[in-house]
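Single-structure report; data block below.
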Amino acid sequence: MQRLLTKDCCLIAECVRLRFWPQGRWKKIALVFFLTLFVIVAAILTLYVVITLVVLPRINMDIVSGIDIINPDGNKTALVVYQPGFTGFPRDVSCAFANGLASSGWKVEITTASSQAPSNLLGYSLLVLGFPVYGAEPGDAIMRYINRTSNLNGIGTVIIALDGFNSPGESIDIIKQKVQALNGTFYESLALWIVDISATDTARRAGSEIAP
């Protein structure tokens, strides 16, 4: 009896397989192609949902930190405000630029873009904004910080756009227009990619070329 049941089950499975699995060679190839395409599309959609609902909100949140001071005896004071990213790249490049400024004689205060970062810039002679680029746009945290500074009082501003995949040129234009709308003076911009192993050296050198 058990052997008969097993045989019947095998026959049923075989019938199901024959029913849903095409017999023609090209039909098999087409089915495999569409199944593979379905899996790829499903994986892409899943990744998009995870990035949109989990990753981006997390990396765009305000990260509060203290203010680190480099070269406290410098002639003039520069404020470096950066938005941390998914990796340590924005922090590393912003710190390298700050060290370059310090080597040129600046007193440098560096902190993250948050509600605790200085928004009254009357005591500063230079503002540096470092941020990651997502979808060709600046990170939300750096935009929120800029919006909290109601008047830049003509301060010279350096824009550092940091990207992994897209061209950061459009995001630089967005920040530049915002700075100018708040009575700031655009000084220069720097676009660096995470795949560039010399990015921190480039940032340090660029900072050292700005005299107080």
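The values are calculated or read from the model by the stated rules, or taken from the named source; none is laboratory data. In this text, all values refer to a predicted model and were calculated from it rather than measured experimentally. Every residue, glycine as well, gets a Cβ built from its backbone with ideal geometry; the counts of neighbours run over all protein chains shown.
Set side by side, the residues Ile160, Ile175 differ, and just one is in a helix (DSSP H, G or I) and assigned by TED's automatic domain parsing to the domain that holds Val80, which is Ile175. When Asn151 is tested against the conditions (1) farther than 14 Å from Ala206 by Cα; (2) out of contact with any strand residue (DSSP E or B) (no Cβ under 8 Å at 6 or more places or on another chain); (3) part of a helix (DSSP H, G or I); (4) not aromatic (Phe, Trp, Tyr), the lone failure is (3). Each residue in the stretch 200-212 was checked for being modelled with pLDDT of 95 or more and either touching an Asp or Glu at 6+ places or on another chain (Cβ under 6 Å) or not β-branched (Val, Ile, Thr) (or both), and 9 pass. In this entry, Leu127 is excluded by the filter for residues that are among the hydrophobic types (A, V, I, L, M, F, W, C), free of Cβ contacts under 8 Å to residues at least 40 places away in the same chain and more than 17 Å from Trp193 (Cβ to Cβ).
Counting only residues that are within 19 Å of Gly207 (Cβ to Cβ) and in a loop (DSSP other than H, G, I, E, B), how many does the stretch 119-147 have? Write out each step before concluding.
Taking the stretch 119-147 first, the residues within 19 Å of Gly207 (Cβ to Cβ) are 121, 124-132, 142.
Among the residues that remain, those that are also in a loop (DSSP other than H, G, I, E, B) are: 121, 124-125.
The number of residues fulfilling the criteria is 3.
Scanning the stretch 88-118 for residues being surrounded by fewer than 24 Cβ atoms within 10 Å (Cβ to Cβ) and part of a helix (DSSP H, G or I) gives a total of 9.
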